[in-house]
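Structure record follows, encoded as structure tokens.
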Amino acid sequence: MRKLNHFHGGIHPPSNKTQSTQVAIAHAPLPSKLIVPFHQHAGEIAKPVVQVGDHVLKGQLIGMPDGFVSSAVHAPTSGTITAIDLQLIAHPSGLPNLCATLIPDGKDEWVERKAVDYRDHSQPELQQLLRMNGVVGLGGAAFPSDVKLRIGKQKIKTLILNGAECEPYITCDDMLMRERANEIVQGAQMLRFMLDADEVLYGVEDNKPEAIAALQQAIKESNLNHDVVAIPTVYPGGSAKQLIRVLTGLEVPSGKLPTDIGVQCFNVATAYSVCRALAHGEPLLSRIITITGNVRRAQNFEALIGTPIDYLVALGEALSDTDGYIMGGPMMGIPLPSVHVPVVKATNCIIATSAKLFPQPQPSMPCIRCTRCVEACPADLQPQDLYWFAQSKEFGKAQKFSLFDCIECGACSYVCPSHIPLVQYYRFAKSEIRAREHDKQLADQARVRHEFREHRFEREKQEKADKLAAREAAAQAAKLASTQPLTPQQLAEQADLEARREHIREVAQSSVENTAVENTTERTGN
Amino acid sequence: MLSALLVMAGIAIALGAVLGYAAIKFRVEGNPLVDKIDAILPQTQCGQCGFPGCKPYATAIAAGEADINKCPPGGEEGIHKLAELLGMEFKPLGGNAVPKPKSVAFIDEATCIGCTLCIQACPVDAIAGAAKQMHTIIAAECTGCELCVAPCPVDCISMKVIEEKITNWKWKYPVYALNTVETTNVAGAALQKTNGRAPG
């Protein structure tokens, strides 16, 4: 039995997971329209490589990764691209972003798929394959997986497969582990190969016994040396840093990455899509999504990326008093700006909300510094101080109090007796600090450019002056060398000078002669 | 008596040598205060302060020749930072200058006659073009100083406010409605008014 560690704080919100685990994962039927955003991952937006009117096949590349941290985007089914324009997407800003609209032809016709044996390829080749197959972290942050595999010379001791799924309501990873454990285990083995990790651990919260059993069965069947660890159910036990702490006892230092302490962490659903990408040549085109909350039939669906969320919600039969939708869990999810936005790679759960299920938050009261948030904080921070600095916009101090180690899990807001929306303050402060750092960079750039311009003017002035001086000197020399006849006045002057020189010579001569004469007289006198 | 004098003189010479060496070795290039002030200024190089750039303004502030409230692009926040750095009182923005939203210049390329006047005016070389060739703004380098607008003989340059896009979007300061209070008198109304803002 592995000795488990604990992280500080954490909370126990009602899990509400059983509603959506009663029936198996269903395939969502093909919708009549798909909206595929080009920016579904962390990092740079993918560049469109198709045009309006193009007929595309299922799995065809439509967005080329652009930049180091970027990922490919593919057509989720065969059909015609009818528009490439700005559309509303699931983003807390409620602002639109570039999307391709695809009208399916209903044939679901694949492009040529090329399965590879991962053992025949080098690590950079496999990384490139994952990048071009659009594999990103499916836990929620959608960070490109190939970037997480570029570890350089660092030695990875432990590869962690994150199946904790600690947020209430969400069960997509649970159902995936129950039904498709084999492919998860194979994917984990591929990731282990790419990282050259010593051990593979699956962290699964102990409220998912079926998933744990399924994984263990799959590992036994494939005769691999992986280890499934049941971890206590505490929110946010599924956050990477906290999970690493529980499983290995190691703490990721502030401002460092897990790879710096020899650990790397992937979601189980990511491992599944790695397996699909390499062993089947299938890019990431669909994912499992939990439809739950205020619905008649809470269930997990495998839906194509780009499926409008209202289509999925209709499958789950949202109740009539539904007043909104959350993408993600109730703790960290974002309210959707519209129910017509499409499913993206990060969409793990859609919760229909109602006044009964999620009553309006109570009005906020002033902070009484009770420090209940400190007790709950899994990152060992001082949330009440961070709140104080964020609300008074003292960003420097907030940074000194390790604002950027906050994982925005919402445990502090959950326990706050004054009902202060603490995480909103931290998000505000973080994005404000990032914006300022960006402005500072731009200002520094402008300073450099301005200084260079001044320097260039200075240099040009100097060059001009040098040129002028050189020209003058050349003119002088030319003047001297010229053989122009002299004027009578100059001739007279020259003659005068010559006469004077002659006179001086004569005087000098005579004085020498005189002294010589005197010398002789003196000698004879002696 | 003499030995004491010699000892003291010896110490004085030795320490003097150390100080002299340190003065050469650790010599600070330029005025560090000017650099600190310059770091706070927004580097738009717009000249709205009356100086030909941010550095000359910083130099003037350091020398005590200019007020700290002459930089509209820096806004009130910049003045606060300068006041804090220099241990001065905050002053509201001087003159009738008002901070404008951050914008970039835009050249209507169909109207541009390629006179290069804007290129000469741009303090950060953010305009590309040549004589009798169309010019264009390198938006990523433009500081929004507006110095190119006036010299243009055909008025083809306009300032475009940078719109909020998904790439530059920021989380907003949390503002939420509090419980509305039944008001029956003026004091109650005033109370409700103060309740309308975020706490803290």
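For the range B:32-86, I need the span (max minus min coordinate) of the C-alpha atoms along each principal axis, in Å, sorted largest to smallest.
Each principal axis gives a Cα extent; for the range B:32-86 these are 23, 21, 17 Å.
Between rounded, prolate and oblate, where does chain B land on the alpha carbon gyration tensor, with a ≥ b ≥ c its root eigenvalues, rounded for a/c under 1.5, else prolate if a/b exceeds b/c?
On the way: a/c = 3.19, a/b = 1.30, b/c = 2.45.
Oblate.
Express as a percent, rounded to the nearest 5, the fraction of DSSP beta bridges in the protein assembly as shown (both residues included) that run antiparallel.
Values: 42 of 66 bridges.
So the antiparallel bridges amount to about 65 percent of the total.
Give, as a single signed number, the net charge of other residues whose beta carbon lies under 13 Å from the beta carbon of residue A:246, with Lys and Arg counted +1 and Asp and Glu -1. Could the numbers behind the result be given before it?
Working: positive: A:2, A:3, A:241, A:245; negative: A:205, A:206, A:251.
Value of the local net charge: +1.
Whole angstrom only: what separates the Cα centroid of the range A:148-182 from the Cα centroid of the range A:106-133?
Going from one Cα centre to the other spans 21 Å.
At a Förster distance of 41 Å, what's the computed FRET efficiency of residue A:280 paired with residue A:85, Cβ-Cβ distance as r, to 0.05?
Plugging the Cβ-Cβ distance into 1/(1 + (r/R0)^6) gives 0.80.
Between residue A:392 and residue A:456, how high is the FRET efficiency from 1/(1 + (r/R0)^6) when r is the Cβ-Cβ distance and R₀ = 25 Å? Nearest 0.05. Intermediate values should be presented prior to the final figure.
On the way: r = 44 Å, r/R0 = 1.77.
Approximately 0.05, to the nearest 0.05.
Cross-link list A:345/B:160; A:47/A:345; A:400/B:100; A:256/A:400; A:114/A:345; A:148/A:393: which exceed 25 angstrom alpha carbon to alpha carbon? Each step should come with its number before you reach the end.
Numbers: A:345/B:160 35 Å; A:47/A:345 17 Å; A:400/B:100 31 Å; A:256/A:400 16 Å; A:114/A:345 22 Å; A:148/A:393 34 Å.
Beyond 25 Å between Cα atoms: A:345/B:160; A:400/B:100; A:148/A:393.
Taking 30 Å as R0, compute the FRET efficiency from the Cβ-Cβ separation of residue A:257 and residue B:167 and round it to 0.05. Walk me through the numbers before you get to the answer.
Numbers: r = 24 Å, r/R0 = 0.80.
Using R0 = 30 Å, I get an efficiency of 0.80.
What is the extension gain from residue A:445 to residue A:475, computed as 0.36 nm multiplied by their sequence separation minus the C-alpha to C-alpha distance, in nm to one decimal?
Numbers: separation 30, 0.36 × 30 = 10.80 nm, distance 4.46 nm.
Stretched out fully, the residue A:445 to residue A:475 stretch lengthens by 6.3 nm.
Toward the positive end of the charge dipole of the protein assembly as shown, about the Cα centre and with charges on Cβ (Lys, Arg +1; Asp, Glu -1), which of A:22, A:84, A:219 goes farthest?
After comparing all options, I get A:22.
Just going by the charge dipole of chain A, with Lys and Arg at +1 and Asp and Glu at -1 on Cβ, which of A:509, A:480, A:60 is farthest out on the positive end?
Of the listed residues, the answer is A:60.
Which stretch or stretches of the range B:83-124 have amide N atoms under 19 Å from the point lying 7 Å from residue B:33's Cα along the Cα→Cβ direction?
Answer for this model: B:83-91.
If we sort A:90-103, A:391-404 on the protection proxy, mean other Cβ atoms within 10 Å, highest first, what's the order?
A:90-103, A:391-404
What does the average come to when, for each residue of peptide B:162-172, you count the partner chain Cβ atoms lying within 10 Å of its Cβ? Kindly include the intermediate steps, with their values, before the conclusion.
Working: counts 0, 1, 2, 5, 12, 5, 5, 7, 8, 14, 7.
Counting other chains' Cβ atoms within 10 Å and averaging over B:162-172 gives 6.
Distance between the C-alpha centers of the range B:1-34 and the range B:51-72? Whole Å please.
Cα centroid to Cα centroid, the span is 35 Å.
In the range A:361-482, what is the volume of the convex hull around the alpha carbon atoms, normalised per residue and reported in Å³? All intermediate terms of the calculation are to be shown ahead of the outcome.
Numbers: hull volume 14.8 nm³, N = 122.
Hull volume normalised by residue count: 121 Å³.
I want to check the label-to-label distance for residue A:362 and residue B:3. Put each point 7 Å from Cα in the C-beta direction and report it in nm to one decimal.
A separation of 8.5 nm, rounded to one decimal place.
Name the residue from A:450, A:410, A:379 whose Cα lies farthest towards the positive end of the charge dipole of the range A:361-482, charges +1 on Cβ of Lys and Arg and -1 on Cβ of Asp and Glu.
A:450
Compute the projected area of the convex hull of the Cα atoms of the protein assembly as shown, averaged over all viewing directions, and report it in nm² to one decimal place. If you can, show how the numbers build up before the last one.
On the way: hull surface 268.6 nm².
So the Cα hull casts an average projection of 67.2 nm².
Just to confirm my understanding: which cysteines in chain A have no other cysteine beta carbon less than 4.7 Å from their beta carbon?
A:99, A:166, A:172, A:265, A:275, A:349, A:367, A:370, A:377, A:406, A:409, A:416
Expressed as a whole percent, how much of the Cα-Cα distance distribution for the range A:140-191 exceeds 16 Å?
Working: 737 of 1326 pairs.
Above the 16 Å cut-off, the range A:140-191 has 56 percent of its Cα pairs.
Local charge sum around residue B:161 (other residues, Cβ-Cβ under 15 Å, Lys/Arg +1, Asp/Glu -1)?
Working: positive: B:100, B:102, B:160, B:165; negative: B:146, B:163, B:164.
With Lys, Arg at +1 and Asp, Glu at -1, the net is +1.
Rank by packing, highest mean first: peptides A:350-358, B:129-137, A:293-301, with packing defined as the count of other Cβ atoms within 10 Å averaged across residues. Let's see the in-between values first.
Working: A:350-358: 19.6, B:129-137: 14.7, A:293-301: 21.9.
In decreasing order of mean packing, A:350-358, B:129-137, A:293-301 become A:293-301, A:350-358, B:129-137.
Net charge near residue B:93, counting Lys/Arg +1 and Asp/Glu -1 over other residues with Cβ under 15 Å of its Cβ? Don't skip to the answer; put the middle values down first.
On the way: positive: B:70, B:81, B:91, B:100; negative: B:67, B:76, B:77, B:89.
That works out to 0.
Residue by residue, what Karplus-based ³J(HN,Hα) values in Hz, rounded to whole numbers, does the range A:98-114 have, using 6.51, -1.76 and 1.60 with θ = phi - 60° and x for Gly and Pro?
5, 9, 9, 9, 10, 9, x, 8, x, 7, 6, 8, 7, 6, 5, 9, 10
Just to confirm my numbers, what's the Cα centroid distance between the range B:147-172 and the range B:75-146 in Å?
9 Å
Any read-out appearing in this document is the output of simple, stated calculations on the displayed coordinates, not a laboratory observation. From a predicted model like this one, the values you see are computed outputs, not experimental measurements. Counting neighbours? That spans all protein chains shown, and the Cβs are built from the backbone with ideal geometry, glycine included.
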